[in-house]
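*Asks:* Before anything else, here's the structure in question.
Read the figures in this text as sums done on the coordinates, not as results from a lab. None of the values given here were measured: they were computed from a predicted structure. A quick note on method: Cβ atoms are made from the backbone with ideal geometry, for glycine too, and the neighbour counts reach across all protein chains shown.
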Amino acid sequence: MIATEPKVAQTARYSLEETAQLLGVHPNTVIRYVKSGKLRYGVRRTNRRKFYTGFEILRFWRSEI
């Protein structure tokens with residue numbers, strides 16, 4: 001995981017790949033964080049795809065430091 005706070009907009013929605021890149025980890029690691037309950041995601045109504053908000057990414061990053 002990266003040592004500096006990710007530069008995200010708190011209300012923006014990020015894909016799994018974007019979230020992994022922002023945190024400096026592999027997408028499989030993000031999935032592990034979700035399964036362990038450390039990171040939460042939302043689901044888009046239109047296409048049922050998962051997304052991670054900037055607020056949630058920052059909350060998670062701050063809790064891991």
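*Asks:* State the answer as a single residue: which of Thr46, Ser63, Ser36 lies farthest towards the positive end of the charge dipole of the chain, with beta carbon charges of +1 for Lys and Arg and -1 for Asp and Glu, about the Cα centre.
*Replies:* The listed residue farthest towards the positive side: Thr46.
*Asks:* Same structure again: What percent does the relative contact order of the chain come to when contacts are Cα pairs within less than 8 Å and at least six residues apart?
*Replies:* Taking the mean separation of contacting Cα pairs over the length of the chain, I get 41 percent.
*Asks:* Once both labels are modelled 7 Å past Cα along the beta-carbon direction, what's the Arg49-Val25 spacing in nm?
*Replies:* So the label points at Arg49 and Val25 sit 2.2 nm apart.
*Asks:* Calculate the spin-label point distance for Glu64 paired with Thr4, positioning each point 7 Å from the Cα along the beta-carbon direction, and give it in nanometres.
*Replies:* Rounded to a tenth, the inter-label distance reads 1.7 nm.
*Asks:* While we're looking at this one, here's another question. Out of (i) 13.5; (ii) 12.7; (iii) 11.7, which label holds the value of Kirkwood radius over Cα pairs in Å that was computed here?
*Replies:* Computed from the coordinates, Kirkwood radius over Cα pairs in Å corresponds to (iii).
*Asks:* Could I ask something else about it? Treating only the Cβ of Lys, Arg, Asp and Glu as charged (+1, +1, -1, -1), what charge dipole size does the stretch 8-65 show about its Cα centre? Round to the nearest 20 debye.
*Replies:* 340
*Asks:* Another question, then. Would you calculate a helix-derived [θ] at 222 nm for the chain, using -39,500 (n - 2.57) for each DSSP H run of n ≥ 4 and dividing by the full residue count, to the nearest 500?
*Replies:* -12500 deg cm²/dmol
*Asks:* Amide H neighbours of Thr53 under 5 Å, at least 5 residues apart or on other chains, H built in the peptide plane: list them.
*Replies:* Tyr14, Gly42
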